[in-house]
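Worksheet for the structure shown next.
The values are calculated or read from the model by the stated rules, or taken from the named source; none is laboratory data. As the structure is a prediction and not an experimental result, all values here were calculated from the model. Note that we place each Cβ from the backbone using ideal geometry, even for glycine, and neighbour counts take in every protein chain shown. Keep in mind that these areas ignore ligands, DNA and RNA; they rest on the heavy atoms of the full protein, side chains included. Shrake-Rupley method; radii C 1.70, N 1.55, O 1.52, S 1.80 Å.
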Amino acid sequence: MNDIMPVDGQFQMMILPYATLGDAISQQTLAFHHGKHLKTYVDNLNKALPGSGFEGLGLREVVRKAQGGLFNNAGQVLNHTMYFEQFSATPRPMGEKLRTLIERDFGSVEAFKTEFQQKGASLFGSGWVWLSADNSGKLVITQQRNAENPVTDGLQPLLTFDVWEHAYYLDYQNRRADYLAALWQVVDWPVVEGRL
Ligand code: MN
């Protein structure tokens, strides 16, 4: 998968590929989450890059190698970019290639979704639940805290649900499990499969 490269030394804000996501996530949440939270991470990443030794590297390389504030902001830019890009107001179904792998490694798509939601719901504090492929091609679900991304552990990240409260609180308040269950309605599966 191609890395995200800076332009003239600056990482760019990703453009949301949709205006709304129906009932799953409100426009108000999208406006704050993308326009305020992600914007702050992008701005802080770009401020921290000069003199860091990481200038000119792709975003995944920065996440793999950086520490501290630079890691946190780079991780959050990568995580949010993958999160927002995998949804659609007109989502397309899962293809055979990914379905076959999910059935091989989790038994069924429903069993996979149940485990993914459970791991998202039970992650203590702020973070992300991820589906990734390991270097043998096996699919795994991991809980990552704060700004962590599975690339740091040598995994290939495919799908992620943000479980920071800012991702759902306006719409679901404390009902994180309901938010996680609703997100399946808007996953655009060919985008996820394209990350294999
Ligand atoms: Mn977020």
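Observations on the model:
- Neighbourhood charge, 14 Å Cβ-Cβ cut-off, centred on MET82 and excluding it, Lys, Arg +1 and Asp, Glu -1: -4
- Applied to the range 21-37, the Karplus parametrisation 6.51 cos²θ - 1.76 cosθ + 1.60 on θ = phi - 60° returns per-residue 3J(HN,Hα) values of 10, x, 7, 5, 9, 6, 5, 5, 5, 4, 5, 6, 5, 7, x, 10, 5 Hz, with x for Gly and Pro.
- Amide H partners (placed H, <5 Å) of GLY127, local residues excluded: ASN146, VAL163, TRP164
- Gain in span if fully extended, ASN146 to ASN46, counting 0.36 nm per residue against the direct Cα distance: 34.1 nm
- All aspartates and glutamates inside 20 Å of LYS119 as judged from Cα atoms, apart from same-chain residues fewer than 8 positions distant: GLU103, ASP105, GLU110, ASP134, GLU148, ASP153, ASP162, GLU165, ASP178
- Cα centre as origin, Lys/Arg/Asp/Glu Cβ charges: the chain dipole, Debye: 160 debye
- Pair ARG64, SER122: separation of 7 Å Cα→Cβ label points (nm): 3.1 nm
- A 1.4 Å probe run over the range 12-65, with the rest of the protein chains in place, finds 52 Å² accessible per residue.
- Subset of LYS36/LYS65; LYS39/LYS138; LYS36/LYS138; LYS47/LYS138 violating a 28 Å alpha-carbon distance limit: LYS39/LYS138; LYS36/LYS138; LYS47/LYS138
- Length available on full extension from LYS138 to TRP184: 0.36 nm per residue minus the Cα-Cα distance, which gives 14.4 nm.
- Across the range 51-196 the C-alpha pair distances fall into 10 Å bins from zero in the proportions 11, 41, 35, 11, 1 percent.
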